[in-house]
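See structure below.
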Amino acid sequence: MVAHILSRRTLQQALVPVAAVAVATVLLAYPQAMATGISRGLSVCTSVIIPTLFPFMVLAGWLADSPLCRQPGRWLCAVTRRLFGLPGCCGPAILLSLVGGYPAGALSIARLLQQGLISPAEAKRMALFCVGGGPGFIISTVGNGLLGSTVAGICLYAAQTGVSLAIGVWLGRGKRQAKSRPPLPLSPPRPVASLVADTCRSLLTMCGFVVLSATVLSLCEGIGLSRLVHSATGVPASWPSAVLAALLEVSCGCIALAGSGELAPFWLSLCISWCGLSVQGQIAAALPGVKALASPFRAWRLLHGLLSGLLSLLLFRLFPVSVSTGGNITAALPYSVSATASFMLLLLSFMAMLCFSGKSTGKIQ
């Protein structure tokens, strides 16, 4: 056993310089591909990431500091405890993860953990089901932009949301809380300047992962990795390209998988659930002390993708729509920022008014 561990460590130490030299060689040999990838990543950040996610990330920070999380209404506390086995303060974070997209839920979880409202174990459990694409991306960009059908996007979003809630309920079994937790002292809310600064730092981290993923994809294109795999195995060159894109970055993966025929809903759902190593890195950066990206996290993401894929195929049969695979993602981007995002923001505000009582309960649920 000791010899096995030592040999593995020795192998790892030997591979690090070899990998560093190989990466440096590729960067020097394909400077144009590297520059193209960085340019693509920055374009995605400025046209999609920042305009779509910035308002929801600010809202996530504000909700975590507000009495809506500190003193939630009794109705929401009861629902959150009985369904998910979590404190009532987690209700707004769960709701925001469903409407705000991938990073909003993780950032809300991180803020609740920093405030001591949830334990690291609860934060890790929430990270297993509070990760998913928002309606702006799934309905507008994937559905309307790539598939040419808003109904198709709604079916994909419904499958993602339904499976997320089902996993949250399943993980909460045996953890239903019978009593409220003792109240914690209320800390003053962060100033607006601090809230915006924290949001910008989080956005910068997210954009860094997006640029890195786009650079890796561009370098793989420059090397001709798909052609090499095709020559070695005989599989169509588009397959390894699509798999690599879905593995690294969810937007590029959805673009590559949108034309996969009748099984497109399944593969798109799997890609959206997996969310790419780029988004997974963003989640790890938001939850550094939670070990959110341990093996169970990726296993649950794959299970989420399989279940949501099967459910989306069922929904596409129940609600047949004419799907076009020749949509243009660029045409869908403005709508992901304006119409759908604004509607979901209004819906979130309306839900907050319904869920939270006007009186302070005096207790932190």
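The values are calculated or read from the model by the stated rules, or taken from the named source; none is laboratory data. What you are looking at is a predicted structure, and each value in this text was computed from that prediction instead of being measured. Neighbour counts are summed over all protein chains in view; Cβ atoms, including those assigned to glycine, are modelled from backbone coordinates with ideal geometry.
Scanning segment 109-137 for residues that are touching a residue at least 40 places away in the same chain (Cβ under 8 Å), more than 13 Å from LEU53 (Cβ to Cβ) and of a type in the set (Gly, Ala, Ser) gives ALA110, GLY116, ALA123, ALA127, GLY132. Applying a threshold of 6 Å to beta carbon distances and a minimum spacing of six or more residues, or different chains, the list of pairs starting in segment 245-266 at a residue that is among the acidic types (Asp, Glu) and ending at one that is in a helix (DSSP H, G or I) reads GLU249/SER213; GLU249/GLY276; GLU249/SER278. For segment 128-135, indicate whether the set of residues that are assigned to a helix (DSSP H, G or I), under 19 Å from GLU249 (Cα atoms) and under 13 Å from the mean Cα position of the chain (by Cα) is non-empty. Yes, segment 128-135 contains a residue that is assigned to a helix (DSSP H, G or I), under 19 Å from GLU249 (Cα atoms) and under 13 Å from the mean Cα position of the chain (by Cα).
Does LEU165 count as hydrophobic (A, V, I, L, M, F, W, C), modelled with pLDDT of 85 or more and surrounded by 18 or more Cβ atoms within 10 Å (Cβ to Cβ)? In short, no. Within segment 337-348, none of the residues are surrounded by 13 or more Cβ atoms within 10 Å (Cβ to Cβ), at pLDDT 75 or above, assigned to a helix (DSSP H, G or I) and aromatic (Phe, Trp, Tyr). Among the residues making up segment 12-30, a single one is of a type outside the set (Val, Ile, Thr), closer than 18 Å to SER213 by Cβ and in contact with a Gly (Cβ under 9 Å, 6 or more places away or on another chain): TYR30. From the list SER213, SER231, which residue is surrounded by fewer than 19 Cβ atoms within 10 Å (Cβ to Cβ) and among the small types (Gly, Ala, Ser)? Exactly one of SER213, SER231 is surrounded by fewer than 19 Cβ atoms within 10 Å (Cβ to Cβ) and among the small types (Gly, Ala, Ser), namely SER231.
Contact map, segment 31-42: first residue over 18 Å from GLY208 (Cβ atoms) and touching a residue at least 12 places away in the same chain (Cβ under 8 Å), second residue small (Gly, Ala, Ser) and surrounded by 18 or more Cβ atoms within 10 Å (Cβ to Cβ), Cβ cut-off under 8 Å, separation 6 or more or different chains; pairs are ALA33/SER218. Scanning segment 316-333 for residues that are modelled with pLDDT of 85 or more and buried (at least 18 other Cβ atoms within 10 Å of the Cβ) yields one hit, PHE316. Among the residues of segment 168-210, not one is modelled with pLDDT of 85 or more, surrounded by fewer than 17 Cβ atoms within 10 Å (Cβ to Cβ) and in contact with a Gly (Cβ under 6 Å, 6 or more places away or on another chain). Where helices (runs of 4 or more DSSP H) fall entirely within segment 219-291, those with at least 1 residues that are within 18 Å of the chain's Cα centre (by Cα) and under 19 Å from ASN144 (Cβ atoms) are at 250-257, 264-274.
Within segment 291-315, if we keep just the residues that are surrounded by fewer than 20 Cβ atoms within 10 Å (Cβ to Cβ) and of a type in the set (Gly, Ala, Ser), the residue that is modelled with the lowest pLDDT turns out to be ALA294.
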